[in-house]
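Q: Let me begin by handing over the structure; questions about it come next.
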Amino acid sequence: MSSEDADPFHQLAAAAARLDEAQRRYLEQAHTLLDEERDQVRAEVAQTRDALRMLCKVLIARDQLAPGHLRLVERLLRAHPERRRPHLRTADDKHGITGPAIDCASRFHLCQGRCCTLSVDLAREDLADGVKWEIDEPYKLLHDADAWCHYIDRATGGCTIYDKRPAICREYDCREDPRVWVDFAGRVAAPLPDRLQVGIPAFARRGEGDEG
């Protein structure tokens, strides 16, 4: 045993570091379990709401209820919307994250930069940096009406908050994501969802027709 290992202050510092790491892992696991439980409950609530609508329609078809009853059910459901739990990610220092080396600019005309249309949960560090979030779905990164991230430069495809971008954006790797690529190496993009067909930003259209 070295003199440093025998030093009680060193032992105390090491124990504190282990405790801190154990607490971090516990919080990450708890966060994951809460997310899974939330998703399950939301799915059950959605199924119950759909079942209520279907039951009402069946009873109307049997002349046991009037069409006005379905309108009443819809008003009641709108008056009691689903309550959404805030999405706040647990993350380490995002500035220490190094992402994959991908030449995004050369592929924009293929993938349309659709990674910037994906949902991103922010962390406390992002909120402290002033990163904007969806007002109806805290704390998800803000997207504009065209479905692309609020912070992407529509002309160049660059991130306007690059130094402050969220941890998920830093570590994300599109190469094996079927929402983006059928074959990354072969430069075959996945079909663009219908909701993204309108309003494709200028940066994502440059170079069209260069492939093949």
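The values are calculated or read from the model by the stated rules, or taken from the named source; none is laboratory data. These numbers come from a predicted model, not from an experiment. FYI the Cβ positions are ideal-geometry reconstructions off the backbone, even for glycines, and counts take in every protein chain you see.
Q: Among the residues of the range 139-154, write down those that are among the acidic types (Asp, Glu) and without any contact (Cβ under 8 Å) to a residue 12 or more places away in the chain.
A: The first filter runs over the range 139-154 and keeps only residues among the acidic types (Asp, Glu), leaving 144, 146, 153.
Once the filter is applied, which keeps residues that are among the acidic types (Asp, Glu) and without any contact (Cβ under 8 Å) to a residue 12 or more places away in the chain, the range 139-154 yields only ASP144.
Q: Residue check: is ARG42 at pLDDT below 85 and not in a helix (DSSP H, G or I)?
A: Numbers: at pLDDT below 85: yes; not in a helix (DSSP H, G or I): no.
Judged against the criteria, ARG42 is not a match.
Table: residues versus (1) in a loop (DSSP other than H, G, I, E, B); (2) touching a residue at least 12 places away in the same chain (Cβ under 8 Å); (3) of a type in the set (D, E, K, R); (4) loosely packed, with under 12 Cβ neighbours inside 10 Å.
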position: GLU137; (1), (2), (3), (4): yes, yes, yes, no
position: THR156; (1), (2), (3), (4): yes, yes, no, no
position: CYS169; (1), (2), (3), (4): no, yes, no, no
position: PRO178; (1), (2), (3), (4): yes, yes, no, yes
position: PRO191; (1), (2), (3), (4): yes, no, no, yes
position: ARG195; (1), (2), (3), (4): no, yes, yes, yes
position: ILE200; (1), (2), (3), (4): yes, yes, no, no
position: PHE203; (1), (2), (3), (4): no, yes, no, no
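Quick grid of which residues meet (1) loosely packed, with under 11 Cβ neighbours inside 10 Å; (2) within 30 Å of VAL45 (Cα to Cα); (3) assigned by TED's automatic domain parsing to the domain that holds GLU21; (4) not hydroxyl-bearing (Ser, Thr, Tyr):
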site: ASP92; (1), (2), (3), (4): no, no, no, yes
site: ASP126; (1), (2), (3), (4): no, no, no, yes
site: GLY130; (1), (2), (3), (4): yes, no, no, yes
site: LEU142; (1), (2), (3), (4): no, yes, no, yes
site: TRP181; (1), (2), (3), (4): no, no, no, yes
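Q: Which number in (1) aliphatic (A, V, I, L, M); (2) surrounded by fewer than 15 Cβ atoms within 10 Å (Cβ to Cβ); (3) part of a helix (DSSP H, G or I) marks the one condition that LEU110 misses?
A: Result: LEU110 fails condition (2) only.
Q: If we keep just the residues of the range 76-107 that are of a type in the set (A, V, I, L, M, F, W, C) and assigned to a helix (DSSP H, G or I), which is modelled with the lowest pLDDT? Lay out the reasoning, then the answer.
A: Looking only at the range 76-107, we keep the residues that are of a type in the set (A, V, I, L, M, F, W, C), and these are 76-77, 79, 88, 91, 97, 101-102, 104-105.
Now restrict to residues that are assigned to a helix (DSSP H, G or I): 76-77, 79, 104-105.
Details: LEU76: 80, LEU77: 78, ALA79: 74, CYS104: 90, ALA105: 88.
Selected residue: ALA79.
Q: Against the definition (in the same structural domain as ALA105 (by TED's automatic domain parsing), crowded, with 17+ Cβ neighbours inside 10 Å and under 21 Å from GLY130 (Cβ atoms)), how does TYR151 come out, yes or no? Before you say what the answer is, go through the steps one by one.
A: Values: in the same structural domain as ALA105 (by TED's automatic domain parsing): yes; crowded, with 17+ Cβ neighbours inside 10 Å: yes; under 21 Å from GLY130 (Cβ atoms): yes.
The answer is yes for TYR151.
Q: Let me ask something else about it. Does the range 113-133 hold any residues that are part of a loop (DSSP other than H, G, I, E, B) and of a type outside the set (Val, Ile, Thr), and which are they? First the steps, then the outcome.
A: Looking only at the range 113-133, we keep the residues that are part of a loop (DSSP other than H, G, I, E, B), and these are 113, 118-120, 129-132.
Listed by number, the residues that qualify are GLY113, LEU118, SER119, ASP129, GLY130, LYS132.
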